[in-house]
Amino acid sequence: NAGVTQTPKFQVLKTGQSMTLQCAQDMNHNSMYWYRQDPGMGLRLIYYSASEGTTDKGEVPNGYNVSRLNKREFSLRLESAAPSQTSVYFCASSGGYYIHTDTQYFGPGTRLTVL
Amino acid sequence: SQQGEEDPQALSIQEGENATMNCSYKTSINNLQWYRQNSGRGLVHLILIRSNEREKHSGRLRVTLDTSKKSSSLLITASRAADTASYFCATDPNFGNEKLTFGTGTRLTIIP
């Protein structure tokens, strides 16, 4: 049981490049989330998916897109990376449908630097 | 916007001492959770306390919730070096379809 896995662990991009962060969970959870963590800012929700086939914006969605590929996988795409997107990105999942206040299980994070 | 704010921002104590950190929040909530983050890792859930509960224990952890003051505290007793981490509170506002909102965290260092 791997829990929540994320790839890649580290990535360096140049301004304007695109990339997709991958996330998968093997806990049969319904809800999945993408957060970014910046120094002194705590975690901020980018997008979430309450169930397979649905996605919604969080607090800081600009510059990002997401895809809930199936129940297991939730990807985050940066179409044109900007230095302001330099951050650590975490994927998380929780069990309930539309119950975002369940305990959340986090992946190990992706450290992204945009030059 | 940050719902929860932890205090202090950083705390250093000797191994074996108790560590207390606090969380204040702005709006009424359904529940409050505490998470731990070791350096370079993802967050790990520690404990959840519901709005109708005042105190909860889990091993060496004790959480209190005072909804009248909109605050919570996390006490770690008999601290160990392995408790060195950042601790975050996460609140669930009880209006609309709001999501968990995380605070900025307390960085705890246990000195051996």
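The values are calculated or read from the model by the stated rules, or taken from the named source; none is laboratory data. As the structure is a computational prediction, the values presented were derived from the model and not from experiment. So basically every Cβ, Gly included, is an ideal-geometry build from the backbone, and we count neighbours across all protein chains shown. Note: areas computed on protein heavy atoms with side chains; ligands, DNA, RNA excluded. Shrake-Rupley method; radii C 1.70, N 1.55, O 1.52, S 1.80 Å.
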(message) Could you derive backbone 3J(HN,Hα) for the range A:39-45 from the dihedral phi with the Karplus parameters 6.51, -1.76 and 1.60 (θ = phi - 60°), listing whole Hz in sequence and x where the residue is Gly or Pro?
(response) x, x, 10, x, 9, 10, 6
(request) Net charge near A:Ser49: determine it from the other residues with C-beta under 13 Å of the C-beta of A:Ser49, scoring Lys and Arg +1 and Asp and Glu -1. (result) +2
(message) Can you give me the long-range amide H partners of A:Val66? Hydrogens built in the peptide plane at 1.01 Å from N, cutoff under 5 Å, separation of 5 or more residues or another chain.
(response) A:Arg77
(message) Counting only other chains, and only Cβ atoms inside 10 Å, what mean value do you get across the residues of B:84-91?
(response) 1
(request) Whole number please: convex hull volume per residue, Cα atoms of the protein assembly as shown, in Å³. (result) 120
(request) Using only Cα atoms, locate the centre of the range B:37-112 and the centre of the range A:1-58, then give the distance between them in Å, rounded to an integer. (result) 22
(message) Shape verdict for the range A:1-94, please, from the Cα gyration tensor: rounded (a/c under 1.5), prolate (a/b greater than b/c) or oblate.
(response) prolate
(message) Rounded to the nearest 10 Å², what accessible area does B:Arg80 have for a 1.4 Å probe in the complete protein model?
(response) 130
(request) Quick one: pull the percent of accessible area on chain B belonging to carbon and sulfur, 1.4 Å probe, ligands and nucleic acids left out. (result) 44
(request) Report the accessible surface area buried between chains B and A, summing both sides, using a 1.4 Å probe on protein heavy atoms only, in Å² rounded to the nearest 100. (result) 1500
(request) Keeping all protein chains in place, calculate the accessible area per residue for the protein assembly as shown (probe 1.4 angstrom), answer in Å². (result) 45
(request) Between A:Gln25, A:Gln17, A:Gln37, find the one with the highest GNM mean-square fluctuation for chain A; connect C-alpha pairs within less than 10 Å. (result) A:Gln17
(request) Please list the non-local residues whose amide H lies under 5 Å from the amide H of B:Ile47, H modeled 1.01 Å from N, same-chain partners needing a gap of 5 or more. (result) B:Trp34
(request) Find out how many positive minus negative residues lie around A:Gln104, taking Lys and Arg as positive, Asp and Glu as negative, among other residues whose Cβ is under 12 Å from that of A:Gln104. (result) -1
(message) Is there a quick way to get the dipole size of the range B:10-99? I mean about its Cα centre, with the Cβ of Lys and Arg at +1 and of Asp and Glu at -1; what is the value in debye to the nearest 20?
(response) 120
(message) Less than 23 Å apart at the alpha-carbon level, and either on another chain or at least 8 residues along: which lysines does that give for B:Lys69?
(response) B:Lys26, B:Lys56, B:Lys99
(message) Rolling a 1.4 angstrom probe over the protein chains, ignoring ligands and nucleic acids, what is the accessible area of B:Thr104 in square angstrom, nearest 10?
(response) 40
(message) Below 9 angstrom from the Cβ of B:Ala85, what's the summed charge of the other residues (Lys, Arg +1; Asp, Glu -1)?
(response) +2
(request) From largest accessible area down, sort B:Asp7, A:Asp56, A:Asp38; use a 1.4 Å probe on the protein chains. (result) B:Asp7, A:Asp56, A:Asp38
(message) Just to verify a number: FRET efficiency for B:Ser68 and A:Thr86, C-beta to C-beta distance, R0 = 45 Å, to 0.05?
(response) 0.65
(message) Using only the heavy atoms of the protein chains and a 1.4 Å probe, how would A:His29, B:His45, B:His57 rank by accessible area, largest first?
(response) B:His57, B:His45, A:His29
